[in-house]
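Report on the structure given below.
The values are calculated or read from the model by the stated rules, or taken from the named source; none is laboratory data. Computed from a predicted structure; not experimentally measured. Counting neighbours? That spans all protein chains shown, and the Cβs are built from the backbone with ideal geometry, glycine included.
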Amino acid sequence: MSNAPWAFVAALAAVPVLVPNPYVLAVLTLAGIFVIGAISLNLLLGYTGQLSLGHGAFFGLGAYASALTSLGFDIGIGFGLRLRVDPQPVWLGFLMAILVACAFGWMLGRLAFRVRGAYFVIITICFAQVLRMVALNWVELTQGPMALISIPPVSLWLPGLGVVPLVTKAQTYWLVLAVGVLAFLLVRQLVESRIGRALIALRSNEALARSVGIPVTHYLVVAAVVSAGIAGAAGSLFAHYMGIVDPDVFMFIYTVTMVIMVVTGGKGTLWGPVVGGLIFGLIPDLLRGRAAPELQWVIYGVAMILFVMFLPRGIVPGVQSLLRRRA
Amino acid sequence: MDQALQHLVNGTVLGGTYALLGIGLTLVFGVMRVVNFTHGEFYAFGAYITYGLIVLGGVNYFLALPLATLAGVALGALLEVALLRPMRKADIDSVMLVMIGAMLAMQNLEMFAWGGVAKLTPNPFDGSPLVFGPVSVLPLRLFVLVVSVLMLLGFWLALERSRAGMAMRATFQDPETAALMGVRVGWVNTATFALGSGLAAASGALLGPVFMTSPTMGDLVGLKAFAIVILGGLGSLPGATLGGFALGFVEEFAGGYLSTEYRDTFGFLLIIAVLVLRPQGLVPARERIG
Amino acid sequence: MIGPLLEVRNLAVHIGGLVAIADMSFQVPEGRIVSLIGPNGAGKTTAFNVISGYMRPTKGRVLFDGADITGLPPERIATRGLVRSFQRTSVFAGCTVLENALIALHGRGRAGLLGALLRAPAQRREEARLLAEAHSMLDFVGLAARADTPAEVLAYGEQRRLGIVLAAIVSPRLLLLDEPAAGLNPSETQAAMELIQKLRDRRMTVLLVEHDMAMVMQISDSICVLNQGRIIAEGSPAEIRQHPEVISAYLGSGHWEGADAQA
């Protein structure tokens, strides 16, 4: 049983060799990036039980931070001073994406976790909206609606080869897979630890968790920072893979897509976001040419409603209990 | 000074429709404890029905307004019975997820039905502004303000005087006691959601000819409705009325004096500030611990 | 002589326009079992919420081990050694009994973010130690056989028992128990009483809110009687039983009869 996950990863890693079809790889790569986003959201939504609807903001922050670091920028910062950054290597952009997202995750966590429920949800939505408007209007930095373009592809330092830009589809695919596995392991280590127990405790019964001495807000902020960092990494991959970033990455629809992935797959389970992420990451391409793009979103919306109403725990727990019953 | 007066007038005109929008949302939250993500979509729905009636059906503008409102009421009732009634016992987060799903479906069905291009609803008013000394206002906007205020007043009267309004207020205050006193909470919920949706559709119908009607218009408007409701205190009816005008003024003045590009941002910053700085004032402290 | 472990001084709590606690002062000496009794609505649960940090008092102070803890958040109060149990929803649903115990042992671990991610040997040793402690505590209270049962499927009596254990597992110096016998049958009540006495023998001081007068009279070292937000009497069970004001406060409430039958 414990070998099954590694067999799954090995199978995924073999795809570019077995199916060297660039279209298939492109679809899988993009789905993989969203799976990483869903894995990060699951830490907050699934394990701490906080419905964060601003999660796409961390994805977007990562995308912009990474793109700007690798493209360089030159902006006025008031008092006649200018901040100038020359184009940096892509790996530095990747690190910056994680750092910036973590910093904003910390900030949002400190602010938003003073409240719960509907209030928390609304703050997180507003957070993403404010960032979207900044991205739209701070043209000097972000180019606004004209978008950041010509973002260089990811490069990787490999022993013996030096810095290699990952230009082929297969290379990018493997990179996304590697980051995905790392993100999965990171979340697994975290939730199966003392901190993870504290998070689960606060989801289950916050008042009781506090009564046994668990500083819930502290751990919520920790979860928010880790979650934001992973989302930032996914955003960075997205930016360098697409080569273009515009303010639309902050749109509510991206967050909602990740929420749907987590909810349908099974929130609070390690494999839920992977399963949900793959399903909803691949649906757009299965529907392409067969249905109008609007109908895809209608399907997403209806799927969310049906899952919450009829299979609220999601696919993974549902399948698990089915297997247990048959055993 | 004249400029400030003009902003004041614009803010009032904007605030009237915002108040109408906020009242519906806060009513639904107050009575049903439902964060209604579809509110903005009902606004868009109202705007499209008006457009469709006038342009495709050749219906008179003044008849199209109440028809669009009624369509909103009907669709709201349908949605409540289909989605919210089965979720009565569910936690608030699950209900939010269902409403987000509904929002997504509604918005994209609108996109599918009407296409992505924004539409401008024709109206019978004169396009040249009325000038009152230092300030000027378009006749259409004046009409929108007057209708909004009349609808707000009508809503207040209905809530205060009618039997249904009384049942609604009782449920608003304490659903359990209301149920014990013979209020049929299920129907009150349906009526509340229908009414809230109708108000949103009415705002859309009124503003469709003022702004453009596009499938994604509900997004920003839905968020603004949240801003309005939070400014006034989630679940407070007078608060939503005040909040509507407050947001109208904030946007108008901040947009006029600080930055036009960031006009829509101020509302969101205001929400975050209110929720962060005064959560104790807004979070109901009714729950008993233990 | 050292001061009392817990001292409540002139506590007043107003909720909205209502006076939940008018003026309340009492002390809990170390090593005792003290009960807070009174008719419904006398302010017992409110007092518990204030002492354990879930509610801010309008006036007055709460001193724990000589230090002012008024208005501290619950988790800080808990780490200082004052832990409460809850009347309702007293367990972590969705977690097994063993996981419940491990959660409550949170304060006994040190592992932070890096430790969790890297799982160094030190962290593994710590996890093993916490696991052993959790098992030994479940043994001690007789829930060992239920270790892998989800907490929410436990029988009601066992759930209440687990609730007490979760508070006790933190090894507090002062344990606040909110109606531990509510809804229990006589034999379960007897077991709960024995558990409380066992905990006292483990050097825990206990402050109890309880409606079951037989139990209160049997295990308390001293009793505070609360009525309409004020302490109206304080003393040993024998003294309280004779107290005229107490008798009149309780007349007709029905709780007294059980105590008489037991006495």
### Message
If C:Thr45 satisfies all but one of (1) touching a strand residue (DSSP E or B) at 6+ places or on another chain (Cβ under 7 Å); (2) away from every other protein chain (no Cβ under 13 Å), what's the number of the condition it fails?
### Response
(2)
### Message
Quick check on A:Ala303: is it within 8 Å of chain B (Cβ to nearest Cβ) and either modelled with pLDDT of 90 or more or surrounded by fewer than 16 Cβ atoms within 10 Å (Cβ to Cβ) (or both)?
### Response
yes
### Query
Yes or no: A:Ser150 closer than 30 Å to A:Tyr173 by Cα and assigned to a helix (DSSP H, G or I)?
no
### Query
In the list C:Arg80, C:Arg84, C:Arg76, which residue meets the criterion of being modelled with pLDDT of 90 or more, of a type in the set (Lys, Arg) and in contact with a helix residue (DSSP H, G or I) (Cβ under 6 Å, 6 or more places away or on another chain)?
C:Arg84
### Task
Considering only segment C:113-127, state which residues are more than 34 Å from the chain's Cα centre (by Cα), more than 7 Å from every other protein chain (Cβ to nearest Cβ) and in a helix (DSSP H, G or I).
C:Leu114, C:Leu118, C:Pro121
### Summary
Taking segment C:88-108 and keeping only residues that are within 8 Å of another protein chain (Cβ to nearest Cβ) and buried (at least 20 other Cβ atoms within 10 Å of the Cβ), one is left with C:Ser90, C:Val91, C:Phe92, C:Cys95, C:Glu99, C:Leu102, C:Ile103, C:Ala104, C:His106
### Task
Please find, among B:Leu207, B:Leu247, B:Leu242, B:Leu231, the residue that is modelled with pLDDT under 80 and either touching a helix residue (DSSP H, G or I) at 6+ places or on another chain (Cβ under 7 Å) or of a type in the set (A, V, I, L, M) (or both).
B:Leu231
### Task
Test C:Leu166 against the stated conditions and say whether it is out of contact with any helix residue (DSSP H, G or I) (no Cβ under 6 Å at 6 or more places or on another chain), within 14 Å of chain A (Cβ to nearest Cβ), modelled with pLDDT of 90 or more and under 21 Å from C:Thr79 (Cα atoms).
no
### Residue count for segment C:144-176, restricted to those that are free of Cβ contacts under 8 Å to residues at least 24 places away in the same chain, in a helix (DSSP H, G or I) and among the small types (Gly, Ala, Ser)
2
### Query
Is there a residue in segment A:163-170 that is away from chain B (no Cβ under 14 Å) and buried (at least 17 other Cβ atoms within 10 Å of the Cβ)?
yes
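Yes/no matrix, rows are residues, columns are (1) under 22 Å from the mean Cα position of the chain (by Cα); (2) surrounded by 12 or more Cβ atoms within 10 Å (Cβ to Cβ); (3) within 17 Å of B:Val34 (Cβ to Cβ); (4) of a type in the set (Asp, Glu):
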{"residue": "B:Asn123", "(1), (2), (3), (4)": "yes, yes, no, no"}
{"residue": "B:Val135", "(1), (2), (3), (4)": "no, yes, no, no"}
{"residue": "B:Phe155", "(1), (2), (3), (4)": "yes, yes, no, no"}
{"residue": "B:Gly165", "(1), (2), (3), (4)": "yes, yes, no, no"}
{"residue": "B:Gly182", "(1), (2), (3), (4)": "no, no, no, no"}
### Query
C:Ala182 fails exactly one of the following numbered conditions: (1) in a helix (DSSP H, G or I); (2) farther than 15 Å from C:Ala104 by Cβ; (3) under 21 Å from the mean Cα position of the chain (by Cα). What is the number of that condition?
(1)
### Query
Scanning segment A:173-195 for residues that are facing chain C (nearest Cβ under 7 Å) and in contact with a Gly (Cβ under 8 Å, 6 or more places away or on another chain), which turns out farthest from A:Leu278 (Cα to Cα)?
A:Arg194
### Message
Just to be sure before I move on: is A:Val298 at the interface with chain B (Cβ under 9 Å from one of its Cβ atoms) and either of a type in the set (Phe, Trp, Tyr) or under 14 Å from the mean Cα position of the chain (by Cα) (or both) in the structure I sent?
### Response
no
#### Entry: Qualifying position, being among the small types (Gly, Ala, Ser), at the interface with chain A (Cβ under 10 Å from one of its Cβ atoms), within 27 Å of C:Asp201 (Cβ to Cβ) and surrounded by fewer than 22 Cβ atoms within 10 Å (Cβ to Cβ), among C:Gly31, C:Gly81, C:Gly66
C:Gly81
## Note on the structure
Sole miss for A:Asp248 among (1) touching a helix residue (DSSP H, G or I) at 6+ places or on another chain (Cβ under 7 Å); (2) surrounded by fewer than 21 Cβ atoms within 10 Å (Cβ to Cβ) is condition (1)
#### Entry: Subset tally (residues that are surrounded by 19 or more Cβ atoms within 10 Å (Cβ to Cβ) and more than 19 Å from A:Ile122 (Cα to Cα)) for segment B:252-275
3
### Single match in B:Ile54, B:Ile49 (criterion: within 22 Å of the chain's Cα centre (by Cα) and either of a type in the set (Val, Ile, Thr) or outside any helix (DSSP H, G or I) (or both))
B:Ile49
### Query
Pick from segment C:190-235 the residues that are among the charged types (D, E, K, R) and in a strand (DSSP E or B): which of them is modelled with the highest pLDDT?
C:Glu234
### Elements of type strands (runs of 3 or more DSSP E) in segment C:1-98, at least 1 residues being charged (D, E, K, R) and closer than 29 Å to C:Asp212 by Cβ
C:6-15, C:18-28, C:82-84
### Query
Does B:Phe193 meet the test of being crowded, with 21+ Cβ neighbours inside 10 Å and either over 15 Å from the mean Cα position of the chain (by Cα) or outside any helix (DSSP H, G or I) (or both)?
no
### Residue check, B:Glu251 within 12 Å of another protein chain (Cβ to nearest Cβ) and acidic (Asp, Glu)
no
### Query
Of all helices (runs of 4 or more DSSP H) completely enclosed by segment A:1-72, which ones contain at least 3 residues that are in contact with a Phe, Trp or Tyr (Cβ under 7 Å, 6 or more places away or on another chain), within 25 Å of A:Ala228 (Cα to Cα) and of a type in the set (Val, Ile, Thr)?
A:22-42
### Message
Please determine whether any residue of segment A:100-110 is surrounded by fewer than 16 Cβ atoms within 10 Å (Cβ to Cβ), touching a residue at least 60 places away in the same chain (Cβ under 8 Å) and more than 14 Å from chain B (Cβ to nearest Cβ).
### Response
no
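Listed here are the residues, each with its yes/no results for (1) at pLDDT 90 or above; (2) touching a helix residue (DSSP H, G or I) at 6+ places or on another chain (Cβ under 6 Å); (3) under 19 Å from C:Phe92 (Cα atoms); (4) polar (S, T, N, Q).
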{"position": "C:Gly115", "(1), (2), (3), (4)": "no, yes, no, no"}
{"position": "C:Pro121", "(1), (2), (3), (4)": "no, no, no, no"}
{"position": "C:Leu130", "(1), (2), (3), (4)": "yes, yes, yes, no"}
{"position": "C:Phe140", "(1), (2), (3), (4)": "no, no, no, no"}
{"position": "C:Gly157", "(1), (2), (3), (4)": "no, yes, yes, no"}
{"position": "C:Arg173", "(1), (2), (3), (4)": "yes, no, no, no"}
{"position": "C:Gly183", "(1), (2), (3), (4)": "no, no, no, no"}
{"position": "C:Glu188", "(1), (2), (3), (4)": "no, yes, no, no"}
### Summary
For segment B:164-188, pairs from a residue that is within 16 Å of B:Leu27 (Cβ to Cβ) to a residue that is of a type in the set (S, T, N, Q) and surrounded by 15 or more Cβ atoms within 10 Å (Cβ to Cβ), with Cβ under 7 Å and 6 or more apart or across chains, are B:Met168/B:Thr192; B:Ala178/B:Thr171; B:Val183/B:Thr171; B:Val185/B:Thr171; B:Val188/B:Thr171
